[in-house]
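Report on the following structure.
The values are calculated or read from the model by the stated rules, or taken from the named source; none is laboratory data. No experiment lies behind these values; they were computed from the predicted model shown. Glycine also receives a Cβ, built like all others from the backbone with ideal geometry; neighbour counts cover every protein chain displayed. Heads up: the accessible areas ignore ligands, DNA and RNA and are worked out on the full protein's heavy atoms, side chains in. Shrake-Rupley method; radii C 1.70, N 1.55, O 1.52, S 1.80 Å.
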Amino acid sequence: GFETRELVRSGQGTTYFGYNEDPLTYGNVDFFTRQPVFNSTTLANIPYSPYIDETIITRFVSLYANFAYLYKQRYSVYISGRRDGSNIFGARTNDKWNPLWSVGAGWDAWKEDFYNISWLPYLKLRATLGFSGNIDPSRSALPTALYANNTITNFPYTRINRLNDPSLRWEKTKQINIGVDFTLKNKAVSGTIEYYKKKGMDLYGPTPIDYTTAGVATVTKNVANMEGTGWDITLNTINLDRGGVRWNTNFIFNYNTNKTTAYFTASAEKISSLLSSGATINPVVGQPLYAIAAYRYGGLDESGDPV
């Protein structure tokens, strides 16, 4: 199959001054001449002038295919592949396209002739390996600029607000899943146990750049990495099913650890960067991204204050 998409966003806005509902009128305002500010000696333009906004047109093309096969009603395998392209990525054609794929296999062990575990009538083993991709539509392989009028001279000006990055490419995530599905005798207990390992590569992150050539200290590129592991356990039990009364319980357990493995800022090398206001994310290499941190308690000093 295939899929194509095009996203275009545009808008305009106007604020009316001196508005009357009846009769329906409003006043004319000079947005370009600086006016005296009430209770001040400064001059300023009247705010909320009309604006027109249009973002870059983004286009996506996807080609995909899926294959699944079941052998002897107990061995299953599937392969999924897709190729996604977008006009927001690098200047080279190879950077615009991103191949993604996943493979998986399953084994219904309980269907084997040699399987004779009476207390475990259902047992299935499965595993998957796959790659997924992610994008940030605000990024572009071309430089983007802001057009506006100077508030003092009223002359139009252009300001580069994002540098170009011809090497821009997709963020990629690699994930491995290994799972077991089971049901005990009389279906009193059933559930799944799943282990996964996830690795994020080519993630967006700031990297230093020559300030004399770019005018900024850092630029966002595909330079950050993360990795993590986790367990997902689900247990379903039938505690009572008699006389029209049925009582079920569902237990869910999740455990996850993750850490930043690559981030090219000075703060990413300092463990003290974790101690922030909590309003921002400060990646630290070797530490979890979403962590709550505090200094280790060191007792009291000679004045009785905590160390």
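General remarks:
- Scaled against 2.2 N^0.38 Å for its residue count N, the alpha carbon radius of gyration of region 234-307 is 2.02.
- Sequence-distant residues sharing a close amide H with Ile88 (under 5 Å, placed H): Arg59
- Remark on region 1-157: ratio of C-alpha radius of gyration to 2.2 N^0.38 Å is 2.03.
- Taking the average, over residues, of other Cβ atoms within 10 Å as the packing measure, peptides 105-111, 43-49 rank 105-111, 43-49 from highest down.
- Quarter of Cα convex hull surface for region 244-285, i.e. mean projection, nm²: 5.5
- Highest-MSF residue in the chain out of Tyr51, Tyr204, Tyr26 [GNM, Cα springs under 10 Å]: Tyr26
- Heavy-atom accessible surface of region 130-240: percent carbon and sulfur, 1.4 Å: 58
- For Gln287, the amide hydrogen comes within under 5 Å of the amide hydrogens of Thr260, counting only partners 5 or more places away or on other chains and with H modelled in the peptide plane.
- Sites listed here are GluC sites (Glu not before Pro) in region 1-83 whose DSSP assignment is loop and whose Cβ has at most 10 other Cβ atoms within 10 Å: Glu21.
- Summed over the residues of region 1-132 and divided among them, the accessible surface reaches 75 Å² per residue at a probe radius of 1.4 Å.
- Computed over protein heavy atoms with a 1.4 Å probe, the accessible surface of region 197-269 works out to 65 Å² per residue.
- Springs join every pair of Cα atoms under 10 Å in this Gaussian network model of the chain, and among Asn225, Asn28, Asn258 the largest mean-square fluctuation is at Asn28.
- Pair-distance distribution of region 1-62: all C-alpha pairs, bin width 10 Å, starting at 0; shares per bin in whole percent are 16, 26, 23, 16, 12, 6, 1.
- A Cβ-based charge dipole, computed about the Cα centre of the chain with Lys and Arg at +1 and Asp and Glu at -1, lands at about 1240 debye.
- For region 181-291, averaging the sequence separation of C-alpha pairs within contact (under 8 Å, six or more residues apart) and dividing by the residue count gives a relative contact order of 22 percent.
- Base-10 log of normalised Debye intensity for region 138-218 (one unit scatterer per alpha-carbon) at q = 0.17, 0.20, 0.23 Å⁻¹: -0.89, -1.02, -1.13
- Selection from Leu163, Thr192, Thr4 lying farthest towards where the dipole of the chain points positive, charges on Cβ: Thr192
- Solvent-accessible area, 1.4 Å probe, carbon plus sulfur percent, for region 1-101: 55
- Close amide H contacts of Glu171 (hydrogens built in the peptide plane, cut-off under 5 Å, sequence separation of 5 or more or a different chain): Asn134.
- Each 20 Å bin from zero holds the following percent of Cα-Cα pairs in the chain: 19, 38, 31, 12, 1.
- Mean sequence separation of contacting Cα pairs (under 8 Å, at least six apart), scaled by the length of the chain, corresponds to a relative contact order of 10 percent.
- Highest-fluctuation residue, Gly11, Gly230, Gly191 considered, GNM on the chain with Cα pairs under 10 Å: Gly11
- Pairwise inverse Cα distances across region 193-268, averaged and inverted, put the Kirkwood hydrodynamic radius at 16.5 Å.
- Most tightly packed first, judged by the mean number of other beta-carbon atoms within 10 Å of their residues, the peptides 161-172, 70-81, 270-281 read 161-172, 70-81, 270-281.
- Cβ-Cβ FRET estimate between Asp210 and Ile52, R0 fixed at 41 Å, reported to 0.05: 0.70
- Whole-number D in µm²/s for region 70-188 (Stokes-Einstein; Kirkwood sum over Cα pairs; 4 °C, 1.567 mPa s): 68
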